[in-house]
Amino acid sequence: MKKISACPSWLKLSEDRRSFIFVPEKAEIVREIFELSIGGLGSYAIADRLNRKGVPPFGPSPTWDHTTIDGMLRSRATIGEYQPKSWAGGTKKGVPVGAPISNYYPVVIDETTFQAAQAARRRHLATGRGRKGNNIRNLFTGLTTCAYCGGPVKFHSNGESKSLICAQVIEDAGCIRAAWSYRNFEASVLSFLAHPALMERAKGNCREVLSELAARIKQLHQPETYDLRLEIMSLLKKAIAELKIASSGETPTPTLAGALVRRDNPERFFELALSDGRTYVGIPTL
């Protein structure tokens, strides 16, 4: 069956007009935009990053803007869906006609990634925390889970105190009332991942990602680290399959609801599973 000529900007029509094919460099930009959104960046910050990197915009506009980013993140064409529309009456956006057609376009991201980006967008809209500035506070957004209840572990800021805490604790819904100071956690995990012995044991693409990650970690002493931290955040998502935090050690003492959240238990540790399937246990740096 021949396809319509109109298609998303990261695709083009094949010569026989029977299929769509990727424009490789544009498809990679789409994937990066979704990764950045899932990592906690708002549409303004994503557009700013692309503009500063000199990435050519897809449309006629000379620059990227937040509306273009939002539209791409919402577009189900990224997961292969096509919605037929009627343009009768001079409408600019078109009126949907019939049910969407699945698998019409090649899939540029998978369904899991798409849904994770929608959840991130909802969080941004609800809290106003989609980052617009030059501060990447948490490199591990979306990666950390609680070793005790299995729920997400979130970044929590209380004045100068910045920690990773189980979401159940933040919401006063149970679990162990313990926290890990963010700065120490970041230093501990990055130091662990940059160790040469870990890289030597890694397999396949995971080894390449760890090598690139280690090189970026060594550059963190530089004064301008915004783009560098974004790159590290992206590499962490490629290298890590699972990251569990046991902020109160292996055998935590049950705590009462409303009790003080205690930070940096000396017995704390993290369990890390890499993308190659290997698992490790790490302890805090001094």
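Can you say whether F114 is open to solvent by 60 Å² or more (accessible area, probe 1.4 Å), modelled with pLDDT of 90 or more and of a type in the set (F, W, Y), as far as the supplied structure shows? In short, no.
Is it the case that some residue within segment 47-60 is farther than 25 Å from R137 by Cα, out of contact with any His (no Cβ under 9 Å at 6 or more places or on another chain) and either in contact (Cβ under 8 Å) with a residue 24 or more places away in the chain or part of a strand (DSSP E or B) (or both)? Yes, segment 47-60 has at least one match. Of the helices (runs of 4 or more DSSP H) that lie entirely inside segment 177-243, those containing 1 or more residues that are more than 20 Å from the chain's Cα centre (by Cα) span 182-193, 196-201, 204-217.
Can you find a residue that is assigned to a loop (DSSP other than H, G, I, E, B) and closer than 26 Å to L236 by Cβ anywhere in segment 10-18? Within segment 10-18, one or more residues are assigned to a loop (DSSP other than H, G, I, E, B) and closer than 26 Å to L236 by Cβ. Taking the numbered list (1) of a type outside the set (A, V, I, L, M); (2) closer than 18 Å to E250 by Cβ; (3) at pLDDT below 95 in turn, F140 passes all entries but (2).
So, in segment 201-215, how many residues would count as being in contact (Cβ under 8 Å) with a residue 60 or more places away in the chain, open to solvent by less than 30 Å² (accessible area, probe 1.4 Å) and farther than 13 Å from L272 by Cβ? Of the residues in segment 201-215, 1 are in contact (Cβ under 8 Å) with a residue 60 or more places away in the chain, open to solvent by less than 30 Å² (accessible area, probe 1.4 Å) and farther than 13 Å from L272 by Cβ.
The sole residue among G89, G40 that is on the phi > 0 side of the Ramachandran plot, at pLDDT below 90 and open to solvent by less than 50 Å² (accessible area, probe 1.4 Å) is G40. Can V169 be described as open to solvent by less than 50 Å² (accessible area, probe 1.4 Å) and under 18 Å from the mean Cα position of the chain (by Cα)? In short, no. In segment 61-80, of all residues being assigned to a loop (DSSP other than H, G, I, E, B) and open to solvent by 20 Å² or more (accessible area, probe 1.4 Å), the one that is nearest to V30 (Cα to Cα) corresponds to S75.
Of all the residues in segment 244-275, those that are part of a loop (DSSP other than H, G, I, E, B) and open to solvent by 40 Å² or more (accessible area, probe 1.4 Å) number 15. Looking only at residues in segment 138-166 that are over 19 Å from A257 (Cβ atoms) and of a type in the set (S, T, N, Q), the one that is farthest from the chain's Cα centre (by Cα) is S161. Any residue at all in segment 7-23 that is of a type outside the set (G, A, S), surrounded by fewer than 17 Cβ atoms within 10 Å (Cβ to Cβ) and within 20 Å of Y226 (Cα to Cα)? The answer is no; no qualifying residue exists.
Do we find a residue being in contact (Cβ under 8 Å) with a residue 24 or more places away in the chain and among the charged types (D, E, K, R) anywhere in segment 187-200? For segment 187-200, residues in contact (Cβ under 8 Å) with a residue 24 or more places away in the chain and among the charged types (D, E, K, R): absent. Can you tell me how many residues within segment 43-58 are open to solvent by 40 Å² or more (accessible area, probe 1.4 Å) and under 16 Å from A27 (Cβ atoms)? Number satisfying all stated conditions: 1.
The values are calculated or read from the model by the stated rules, or taken from the named source; none is laboratory data. It should be emphasised that the depicted structure is a prediction, and the values quoted were computed from it without experimental measurement. In this analysis, Cβ positions are derived from the backbone assuming ideal geometry, glycine residues included, and neighbour counts consider all displayed protein chains. Please note that ligands, DNA and RNA were not included when accessible areas were found on the heavy atoms of the full protein model with its side chains. Shrake-Rupley method; radii C 1.70, N 1.55, O 1.52, S 1.80 Å.
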